[in-house]
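I have placed the structure first, in the form of structure tokens, so that the comments after it can refer back to it.
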Amino acid sequence: MAVLLFPDNTVLINFALFGQLDLLRRLANGHGRWCATVAAECAASARRPDLGTLAGARDIFGPPLSPTPTELRDARFLRDELASPGDHPFKHLGEAETIAVMTSRALDGIFVTDDNDAVRLATRHGVPVVRTWRLLQLAVRTNLADADAVWGYVQILRARRRGSPPGVSDRPSFDKWLAS
Amino acid sequence: MHATTDAIGSIGSRALQQIGRVRPGALHRDLAAEIGMTPDAFSRALNGKRSFSSLELASLADALHADVHWLITGEPDPYRVVIAARHGFDHATGRRDVPGRDGDEQALRDVTLAYRQGDPRPRPAAALPDSAEAARATLGDDFIRPFADRLEERLEVDVVRIADLSTAYSLRLGGRRVIVLPATGNWFWENWSLAHELAHLALGHHDLGLAEADDDPREAAANAFAAELLLPRDALAVVDWDGLDAAGLAALVWRWGVSTDALARRLNALTGYLPDLVRAWAAQPTQRLLRRHWAIDTGIDEITARMDAAAARRFPRALQEQHLERIALGALGKGTLAWMLGIHPEALDVDVPPATEVPTDELVDALGL
């Protein structure tokens with residue numbers, strides 16, 4: 001049985017920035033789910049002119065999972081463990097709620113996030129994690145996208161200061177990473 | 001399932017209770033728009049037919065000035081923060097205020113976060129001495145130079161010093177007590193602040209629910225406590241003020257760790273009399289008196305050393321150790337500890353557990369691709 005794929009908003013924004021929400025849909029393969037706060041963050045991001053396609057994310061991830069009171073309380077503690085000084089009080093709520101829901105319901109799922117602290121905390125709680133880069137690797141591996149197209153996506157994200165795959169600085173290092 | 005639905009309903013009832021308390025007469029559709037919900041979703045959430053998300057609940061708590069933990073559980077937050085500020089006092093007009101309070105909000109929020117992260121389950125601290133005399137006895141002889149350390153060691157009052165503050169604050173964080181100081185380099189102002197904020201904590205002002213109000217009796221009581229702690233009546237009574245020269249005055253100001261102005265006000269309050277020497281120096285910077293007349297032969301510039309100490313960023317070592325332990329467990333990132341140390345997180349070389357991603361091959365199978 002396939003596992004569920006839970007995104008946070010950083011990943012959704014990445015796919016919207018390089019205009020490939022449809023690729024995310026194919027990768028999720030009908031197993032996409034999301035939590036209510038991530039859905040709300042996504043809806044807010046969709047109001048940005050360059051991220052309008054995010055309005056279609058609901059078709060990939062379905063009706064949002066709403067947290068129970070216990071999960072709301074757990075999410076507050078988890079949010080504290082994600083935050084750093086200077087963060088807005090609402091920052092990290094989506095990641096915290098997702099980890100709280102996935103752990104409390106013991107969901108067989110994978111959390112997709114590019115937030116290093118969310119990766120750390122999900123790992124601590126036994127929630128499997130991948131980043132945007134691993135999904136792009138997967139897209140090439142499963143022939144849902146070719147290497148040239150993914151290299152283009154990586155360049156778009158780099159230009160928007162949203163990082164790079166590990167060790168990638170040029171096309172040869174990208175090809176090496178892709179084959180790893 | 002029934003219990004969950006019931007609990008969701010309780011969040012809605014508490015939200016309605018709070019709306020009645022702080023926004024009576026507010027239209028629910030206006031509140032819904034304020035927190036980014038549709039009127040229908042808000043109405044169903046208030047009636048227990050739909051859950052709030054974490055984001056909606058945080059927005060609602062903001063709009064209603066409510067404690068999120070209370071909205072969820074019906075219990076006060078075990079890490080509820082109660083703050084008192086050292087008010088500025090205009091001696092000419094008699095007015096007190098905290099003009100930088102709004103600007104200090106983020107710094108206080110960051111300090112609070114550091115404590116919530118370091119110790120998520122705080123235990124209540126032991127009671128504090130309720131008089132200046134008792135506090136002085138507990139702090140021990142010559143407490144003024146290591147004042148912050150003694151507060152931590154002997155009274156379980158933590159002391160934090162950071163640059164981005166306009167004034168001093170005392171916080172009750174769950175069971176913990178913390179004094180937060182602006183880094184000024186001005187040790188006599190700092191000592192008075194420590195004594196004043198200790199007074200707020202010791203006299204239970206944080207328990208009375210109006211700690212931030214411009215409340216003269218409490219401010220006056222805190223100042224009286226601070227004055228007796230730093231400048232005890234008995235200690236002042238044995239000084240031959242009229243026979244004192246500038247060097248003698250400098251030595252006293254240095255030993256007591258107060259400003260010439262504070263000393264003059266205390267003497268005047270106790271005796272109604274101000275010796276000429278004290279009056280003359282009260283109108284001048286304390287450091288001028290010390291630089292010109294205080295002499296000690298230790299081989300180092302003691303005045304600058306004391307100033308440096310009062311300007312240094314400071315967080316209790318125990319709190320830093322708690323963060324290190326929790327970072328090693330993967331429960332915390334390095335951001336807050338790096339902030340406490342005043343360095344970039346990347347520069348902080350501490351033990352962190354590895355974070356592993358699901359390998360691509362496993363993902364292929366997991367997603368049925």
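Quick notes on this structure:
- Longest segment of chain A lacking trypsin sites (Lys or Arg not before Pro) that sit in a DSSP loop with at most 10 other Cβ atoms within 10 Å: A:48-160
- Share, in percent, of DSSP beta bridges within the range B:145-238 that are antiparallel, nearest 5: 45 percent
- What the phi angles of the range A:148-158 give under the Karplus curve with 6.51, -1.76 and 1.60, with θ = phi - 60°, is a coupling list of 4, 5, 5, 4, x, 4, 4, 5, 4, 5, 5 Hz, glycine and proline written as x.
- Computed from label points 7 Å out along Cα-Cβ, the spacing between A:Asp146 and B:Arg233 is 9.3 nm.
- Selected from B:Trp254, B:Trp187, B:Trp339 as most flexible by GNM, with chain B as the system and alpha-carbon contacts under 10 Å: B:Trp339
- Angle in degrees between helix B:216-230 and the longest Cα principal axis of chain B, rounded to the nearest 10: 50 degrees
- When +1 charges are put on Lys and Arg Cβ atoms and -1 charges on Asp and Glu Cβ atoms, the dipole computed for the range B:202-329 relative to its Cα centre reaches about 360 debye.
- Other residues whose C-beta falls under 15 angstrom from the C-beta of B:Asp351 contribute a net charge of +1, scoring Lys and Arg +1 and Asp and Glu -1.
- Karplus-based coupling profile of the range B:345-358, in residue order and whole Hz: x, 5, 7, 8, 9, 10, 6, 10, x, x, 10, 10, 9, 5, with θ = phi - 60° in 6.51 cos²θ - 1.76 cosθ + 1.60 and x standing for Gly or Pro.
- For residues of A:63-76, the mean tally of beta carbons on other chains within 10 Å: 6
- For chain B, relative contact order (Cα pairs under 8 Å, six or more residues apart, normalised by length) works out to 14 percent.
- Under 13 Å, Cβ to Cβ, from B:Pro232 - net charge with Lys/Arg +1 and Asp/Glu -1: 0
- Each residue in B:His196, B:His344 was given a count of other beta-carbon atoms within 10 angstrom of its own, and listing them fewest first yields B:His344, B:His196.
- Computed FRET value (nearest 0.05) for B:Ala328 with B:Ile296, which takes r as the C-beta separation and R₀ as 45 Å: 0.50
- Axis of helix B:260-271 versus longest Cα principal axis of chain B: the two differ by about 70°, to the nearest ten degrees.
- Virtual paramagnetic centre 7 Å along Cα→Cβ of B:Ala221, amide N under 12 Å, in the range B:166-201: B:199-201
- Cut-off under 5 Å, modelled amide H: who pairs with B:Arg177 long-range: B:Asp158
- Helical mean residue ellipticity (222 nm; -39500 (n - 2.57) per DSSP H run of 4+; nearest 500) of chain A: -16000 deg cm²/dmol
- Most mobile listed residue (B:Leu341, B:Leu155, B:Leu203) in chain B, GNM with C-alpha springs under 10 Å: B:Leu341
- With contributions of -39500 (n - 2.57) from each DSSP H run of at least four residues, the per-residue ellipticity at 222 nm computed over chain B stands at -16000 deg cm²/dmol.
- The slack between B:Leu274 and B:Thr138, meaning 0.36 nm per residue of separation minus the straight C-alpha distance, is 45.8 nm.
- Result for chain B in a Gaussian network model with C-alpha springs under 10 Å: among B:Ala355, B:Ala311, B:Ala269, the largest mean-square fluctuation is at B:Ala355.
- Applying the Karplus relation 6.51 cos²θ - 1.76 cosθ + 1.60 with θ = phi - 60° to the range B:146-160 yields 3J(HN,Hα) values of x, 3, 4, 4, 5, 4, 6, 6, 9, 10, 6, 10, 6, 10, 10 Hz, where x marks Gly and Pro.
- Summing Lys and Arg as +1 and Asp and Glu as -1 over all other residues whose Cβ lies under 15 Å from the Cβ of A:Arg58 gives a net charge of 0.
No value in this document is a laboratory result; all are computed from the given coordinates. Keep in mind that this is a model prediction, so the values were computed, not measured. Cβ: placed from backbone, ideal geometry, glycine included. Neighbour counts: every protein chain shown.
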